[in-house]
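**Q** Pasting a structure below so you can have a look.
The values are calculated or read from the model by the stated rules, or taken from the named source; none is laboratory data. Since this is a predicted model, take the numbers as computed values, not measurements. Backbone-built Cβ (ideal geometry, glycine too); neighbour counts: all protein chains shown.
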Amino acid sequence: MHCNAVPATTRPSPVAFVPKKFVHKTNSAEVLLTGWQRTDTNAFTVFAHWPTTHSFYTTGPSPVDPLLLTETIRQMFPLLCHGAYNVPFDHHLLWEHYRYELTPHATQITDRAGPLNLHVECQEKVHRGTRLAALTLAVTVVRHEVPLATAHTRFTIQPPAIYHRLRAGRTNTAPLTPTPPPPCPIPPHDLGRRTHADILLSPSDNPHRWALRIDTTHPILFDHPLDHAPGILLLEAARQAAQALTPTQPMTATAMHNTFSRYIEYDTPCWIEAHPLPPTPPHHHRTAVTLTQDNIQRYTTTITHTPTPTPPPHTHQNPLHPLHPAATTTP
């Protein structure tokens, strides 16, 4: 069955998107999903619609933006949890691992706006008594019957009481301004971005090391209050770190293998390190990125990236893109 979808009131579009609470958004304009249906006992098709333009994600005639892809997949987690598995809305979804890989077609398409389907297989369900405690999902993303990407993820589902114990008193989201304030970012053009507000790195005296820049007023990365850095922010910070190693060559992150080991807090410095790995043919660069806070490794990823094709002239393209303790970060 389809979950109930409602027309979005802030879009100049006839597309009906799912209610924003089903994807854990407060701004209905950021909802990317339009519905879902069950195709087997533990298999689903989730329907999405990508925007023509966006202030943060790359749109237009360019390779698929992996961050837009990831946000689409992330919205699928709560949609299926609440719609298909009856998880209460006050439960917390916490990432353990997530990986994706773009198909060659995803780097060659010339128009990404419009509908797409996510074919989802639930490979494992973990219960604690009667409640659903974890899901492992395999995803194939298809547009016009052509695969764009595959993904695999595992996340846990925690009721409020357990989440509060895990967070050990750190669940207050007010005030949302981190202490100390975000350090000065590196120049946006080095990462293919247009504004300082989208830069998540601040330079150090080591060209392979940066301070994580967290600005909780960012309208996309912090659509709603969170008590720790969200997983989507960590992926983008890692992508920026990999790009910073080759600032003169725009790159697309065609694959990422991410592990979320600990929460990243707002009130103490977090350090990002990026180091190149041996490349894989053809023309695939690889980078290992780690995020460390209080001398504890909290997030790791291996990024495979390739040179980004130059977009045709006179076309719209937002800033370059490819583009949640125990083992968790809020997606």
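**Q** Tell me, yes or no, whether the stretch 29-43 has at least one residue that is of a type in the set (Phe, Trp, Tyr), touching a strand residue (DSSP E or B) at 6+ places or on another chain (Cβ under 6 Å) and closer than 17 Å to residue 231 by Cα.
**A** Looking for residues that are of a type in the set (Phe, Trp, Tyr), touching a strand residue (DSSP E or B) at 6+ places or on another chain (Cβ under 6 Å) and closer than 17 Å to residue 231 by Cα, one finds none in the stretch 29-43, hence no.
**Q** If you scan the stretch 261-305, which residues turn out to be within 19 Å of the chain's Cα centre (by Cα), of a type in the set (Phe, Trp, Tyr) and either within 24 Å of residue 193 (Cβ to Cβ) or surrounded by fewer than 16 Cβ atoms within 10 Å (Cβ to Cβ) (or both)?
**A** 266, 299 - these are the residues of the stretch 261-305 that are within 19 Å of the chain's Cα centre (by Cα), of a type in the set (Phe, Trp, Tyr) and either within 24 Å of residue 193 (Cβ to Cβ) or surrounded by fewer than 16 Cβ atoms within 10 Å (Cβ to Cβ) (or both).
**Q** Please determine, by comparing only the residues of the stretch 162-193 that are of a type in the set (Ser, Thr, Tyr) and surrounded by fewer than 16 Cβ atoms within 10 Å (Cβ to Cβ), which one is modelled with the highest pLDDT.
**A** 171
**Q** Looking at 82, 105, which one is within 26 Å of residue 51 (Cα to Cα), assigned by the TED database to the domain that holds residue 36, at pLDDT below 95 and not in a strand (DSSP E or B)?
**A** 105
**Q** Now for a separate question. Of all residues in the stretch 195-214, which are among the charged types (D, E, K, R) and closer than 25 Å to residue 55 by Cβ?
**A** Selection gives 198, 213.
**Q** What strands (runs of 3 or more DSSP E) completely inside the stretch 146-257 contain at least 1 residues that are among the hydroxyl-bearing types (Ser, Thr, Tyr) and outside the structural domain of residue 121 (by the TED database)?
**A** Hits in the stretch 146-257: 201-203.
**Q** Name the residues in the stretch 194-212 that are buried (at least 18 other Cβ atoms within 10 Å of the Cβ) and touching a helix residue (DSSP H, G or I) at 6+ places or on another chain (Cβ under 8 Å), would you?
**A** 198, 199, 200, 201, 210, 212
**Q** Does residue 182 count as within 25 Å of residue 29 (Cα to Cα) and of a type outside the set (Lys, Arg)?
**A** Criteria not met by residue 182.
**Q** For the stretch 258-277, enumerate the residues that are farther than 24 Å from residue 65 by Cβ and in a loop (DSSP other than H, G, I, E, B).
**A** 261, 262, 263, 265, 266, 267, 268, 269
**Q** Provide a single number: the residues in the stretch 20-60 that are part of a helix (DSSP H, G or I), crowded, with 18+ Cβ neighbours inside 10 Å and out of contact with any helix residue (DSSP H, G or I) (no Cβ under 6 Å at 6 or more places or on another chain).
**A** So the count comes out to 1.
**Q** For residue 112, state whether it is buried (at least 16 other Cβ atoms within 10 Å of the Cβ) and in contact with a strand residue (DSSP E or B) (Cβ under 7 Å, 6 or more places away or on another chain).
**A** yes
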